[in-house]
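Undergrad: To start, I am sharing the structure in question, which I have written as structure tokens.
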Amino acid sequence: MENQGDRERRPATRSTFGGRFRTMGRRRFVSTLLGAGFGSMATLLTPDDVKAAGRNEVPLVYAHENNLKPRTTMVSADWFEDLRSAFDAHRRLNVASTPGVVGSAVVPGEFGGRNAALSVDVTGSEVGGAVPEHVGDVAVELNRVGSTPSGATRNDRSDSFGGKLVPGGVKCGSRDSAGTLAPAMYDGTSPFFATSNHVFGGDAEQHSGEPFFVHGDGDPRKIGEVRRGYQLDDFVRIDPTGGFRPTNEIFGASPSTVVGQFTREGLAELKARGEKLEKVAFRSGHSDGQLHAIDGLTCAYGKVCKRGQLKWGSQSDFTDGDSGSVNYHTDPENPESGVLVGGFNNARTWWPGEDYIWGTSAYRITNHYGFTFSPLTAGSR
């Protein structure tokens with residue numbers, strides 16, 4: 001990888017621990033991992049994970065499944081250090097209050113290819129001088145974007161399902177607005193319905209107790225009531241009523257069962273491998289697209305800049321009514337059995353110069369609120 005030797009690195013291979021990691025106490029082991037730059041993964045890794053790594057490899061927690069059981073894989077130590085440098089640089093960049101900047105994100109590097117970089121969206125040429133070309137050794141790439149609305153319209157997809165178990169990917173909302181239902185989210189072991197907060201307006205807390213509907217081939221069915229909206233991260237929690245229950249299925253996806261969710265580092269690893277994400281939404285149906293950037297900041301929508309954003313796909317694959325759907329990828333370990341969620345799809349670009357779908361990552365919601373796309377007790381649906 002280019003310029004890797006020029007970067008100041010923290011030790012990240014098992015040589016960090018010498019031959020002592022098997023005899024370390026848990027607290028010291030986690031502390032050592034934190035010092036080596038493993039961040040939130042430090043509490044999820046074990047000495048066996050470290051022992052399994054080759055000389056130039058590090059273990060990476062790429063996803064969580066039931067009971068937040070970590071999924072691990074091995075990646076190049078150089079690639080990992082490059083990624084950690086980019087995350088650190090993004091934190092230091094802090095362009096949220098810079099006039100003319102509408103967003104930023106980390107573009108993970110490729111295995112054996114280009115290094116990670118920071119991508120910053122700006123609305124005018126004069127803003128360029130306020131954004132550095134590098135943060136440390138991490139390159140900063142400027143994207144000059146416009147502000148002219150654009151987008152496409154689609155025909156509604158017919159959602160037909162019966163019974164009291166309600167999957168994600170179907171039309172939902174209030175009496176006056178519509179979005180797409182996410183698969184079941186969990187507060188510990190209890191599942192609840194979720195979609196984008198903006199389906200109910202700017203402050204869904206004002207809509208607490210309002211009825212929540214799904215729309216199929218017949219009359220709308222009330223399946224829940226709004227409990228609370230989370231405007232900053234653009235999702236809303238709905239408590240089930242009337243015997244209805246959310247399921248960890250995505251209607252129209254194949255495979256359709258959600259078995260867990262990606263970590264931030266897991267999304268970076270997907271990007272490095274050139275993998276695509278998919279979604280199913282009630283207006284535009286199924287689509288897939290390349291993963292563009294992670295750990296994003298966007299100031300282009302709402303009154304407050306949103307963090308933990310994921311950018312993927314193309315704006316042509318997303319339209320009004322698709323908000324609240326999730327992006328996902330087939331489970332790398334069991335590709336025929338289920339999928340792992342990357343995050344919500346909350347909006348598309350509407351300005352010239354950029355072309356993607358964006359929304360809040362699942363890892364951000366878990367880190368800040370404790371909600372997950374898999375139950376803490378295996379077997380819940």
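Undergrad: Checking GLU269 against (1) in contact with a Lys or Arg (Cβ under 7 Å, 6 or more places away or on another chain); (2) at pLDDT 95 or above, only one condition comes out false. Which one?
TA: (1)
Undergrad: Do you know which of the residues in region 208-237 that are farther than 14 Å from ARG175 by Cβ and among the hydrophobic types (A, V, I, L, M, F, W, C) is most open to solvent (accessible area, probe 1.4 Å)?
TA: Of everything passing the filter in region 208-237, LEU232 is most open to solvent (accessible area, probe 1.4 Å).
Undergrad: Another question about this same structure. Where residues in region 45-79 are under 20 Å from ALA272 (Cα atoms) and assigned to a helix (DSSP H, G or I), which of them is most open to solvent (accessible area, probe 1.4 Å)?
TA: Step by step, filter region 45-79, then rank; the result is ASP78.
Undergrad: State whether one or more residues within region 80-100 are assigned to a strand (DSSP E or B) and open to solvent by 10 Å² or more (accessible area, probe 1.4 Å).
TA: For region 80-100, residues assigned to a strand (DSSP E or B) and open to solvent by 10 Å² or more (accessible area, probe 1.4 Å): absent.
Undergrad: Let me ask something additional. Where in region 133-207 are the strands (runs of 3 or more DSSP E), entirely inside, with at least 1 residues that are open to solvent by 30 Å² or more (accessible area, probe 1.4 Å) and either more than 25 Å from TYR356 (Cα to Cα) or modelled with pLDDT under 65 (or both)?
TA: 165-168, 185-187, 190-195
Undergrad: Further question on the same structure: Within region 326-337, can one find any residue that is at positive phi, of a type outside the set (Asp, Glu) and in contact (Cβ under 8 Å) with a residue 24 or more places away in the chain?
TA: no
Undergrad: Okay, next question. Would you kindly identify the strands (runs of 3 or more DSSP E) lying entirely within region 266-369 that contain at least 2 residues that are open to solvent by less than 20 Å² (accessible area, probe 1.4 Å), of a type in the set (A, V, I, L, M, F, W, C) and touching a Leu at 6+ places or on another chain (Cβ under 9 Å)?
TA: 285-298, 306-312, 357-360
Undergrad: Also, I was wondering about something else. Would you please list the contacts, defined by Cβ atoms under 6 Å and residues six or more apart or on different chains, that run from a residue in region 83-106 that is over 12 Å from LEU297 (Cα atoms) to a residue that is part of a helix (DSSP H, G or I) and modelled with pLDDT under 90?
TA: THR98/ALA130; GLY100/VAL127
The values are calculated or read from the model by the stated rules, or taken from the named source; none is laboratory data. Nothing here was measured: the structure is a model prediction, and the numbers come from that model. FYI the Cβ positions are ideal-geometry reconstructions off the backbone, even for glycines, and counts take in every protein chain you see. For accessibility, only protein heavy atoms count, side chains too; no ligands or nucleic acids. Shrake-Rupley method; radii C 1.70, N 1.55, O 1.52, S 1.80 Å.
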